[in-house]
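Notes for the one structure printed next.
Just so you know, all these numbers are worked out from the coordinates, no wet-lab data involved. Small disclaimer: the values here were computed from a predicted structure and weren't measured. Please note: Cβ atoms are built from the backbone with ideal geometry, for glycine as well, and neighbour counts cover all protein chains shown.
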Amino acid sequence: MSGWLEVQRGEAPLVVSFPHTGTELPPDIAARLVSPWLARKDADWYVERLYAMALALGATLVRTTISRTVIDVNRDPSGASLYPGQATTELCPTSTFDGEPLYAAGQAPGSAEIAERRARYFDPYHAALAAELERLRARHGRVVLYDAHSIRSRVPRLFDGELAHLNIGTNRGASCAPALTRAIESACEDPSFSRVTDGRFVGGWTTRHYGRPEHEVHAVQMELACRGYLHEPPMPGPHNWPPPFEPQRAAPLGAVLQRVLTACLNFAHSATGAA
C-alpha cells in the first residue's frame, strides 16, 4: 500500500482505526500554510503508542500518516456537519479547533482541490477500512470497529469546561449493541479517570457510517482527554505542545485501554453479545 496508509493485519475480530495521528504535510500544501505547528496542533498526539498493545491482542490497525489539516478522514465526505449548530472543522480544515486560520490569505483549498484530496487520501483510507471489516466479519460473523482519538481537555470553542478523561461515542446507541457499550463502560471504571457516554462526542463519520449492529458490525469511538496521558499545558504553544510522550505517565490509562479492547474482543467472540 501507499506509504501514507498503514494497515497492520491481525486475525481477531477487532479493527482499530487511527484517523488523526498523522503529522505529514505534503510540500505543496505546507507552502501555503500559516505555520506547520498550527497545522499539526490538533493531531491526536501519540494515540497509536497508547494502543500499542492492540497488535498483541490480534487486532487489525488502520492508520494514515497524513495530517488532518490535509484531509480529515473522519468527516462526512459530502461536507455536511457532524454536529449541526456547533463549532467543528471541515473535511479539509481551514482553521484549528481554536479558530486560528491554517492557510495564508487566499490559499485555502477550493472545491476542485478538496475533491482531489478526497480521491487521493479519503477514499483509499476508507476502502482499506471497509475491506478489513468485511474480511474479519466474514471470518468471525461479528466484528468491532474501534475509532481511537484524543483531544485537549479544554477547547472552549468546541465545548464548555473540561472534558471527561474517557469519552465513549456510540452515535447515541445506533452504532453498536447495548451490550458492547455496557462492556466498555465497565472496562473504563477506574477511580483515576472520569468517563461519559455520548456526551459532547457521539462518534464521527467513521463510527456513524460503519456501525451497523443489525449486520454485526459494531462501531464505537473513544475520545481521550490528553491530560489522562500527557502533561497538558494551560496554553499550548510551539514551545510546549506537544509535550514528550512519557510511557510511565501514560501507563495507567494504557491499562484501562487494554481492558477496553479486551472487552471489545470478548463481545465480538460472544454468541450472546448482541442481546
Requested in this report: May I ask you to sort M53, M222 by Cβ crowding, counting other Cβ atoms within 10 Å and putting the fewest first?
Outcome: M53, M222
Query raised in the report: Per the Debye formula with a single identical scatterer at each Cα and no solvent contribution, what log10 I(q)/I(0) holds for the range 146-275 at q = 0.17, 0.20, 0.21 Å⁻¹?
Result: -0.89, -1.14, -1.22
**Report entry** Fully extended contour minus Cα-Cα distance, from A30 to H269, at 0.36 nm per residue
**Finding:** 81.6 nm
Query raised in the report: Restricting attention to the alpha-carbon atoms of the range 133-186, what are Rg (one decimal) and Dmax (integer), both in Å?
Result: 14.8, 44
**Report entry** DSSP-defined beta bridges in the chain - what % are antiparallel, rounded to 5
**Finding:** 35
**Report entry** Equivalent ellipsoid semi-axes, the range 5-269, via Cα gyration tensor eigenvalues times 5, rooted, Å
**Finding:** 28, 22, 17
**Report entry** the range 5-269: relative contact order as a whole-number percent, Cα under 8 Å and 6+ apart
**Finding:** 23
**Report entry** Burial ordering of E100, E6, fewest other beta-carbon atoms within 10 Å first
**Finding:** E100, E6
Query raised in the report: Which value, in Å³ per residue, describes the convex hull spanned by the Cα atoms of the range 167-237?
Result: 100
Query raised in the report: Could you state the per residue volume, in Å³, of the convex hull enclosing the Cα atoms of the range 1-96?
Result: 124
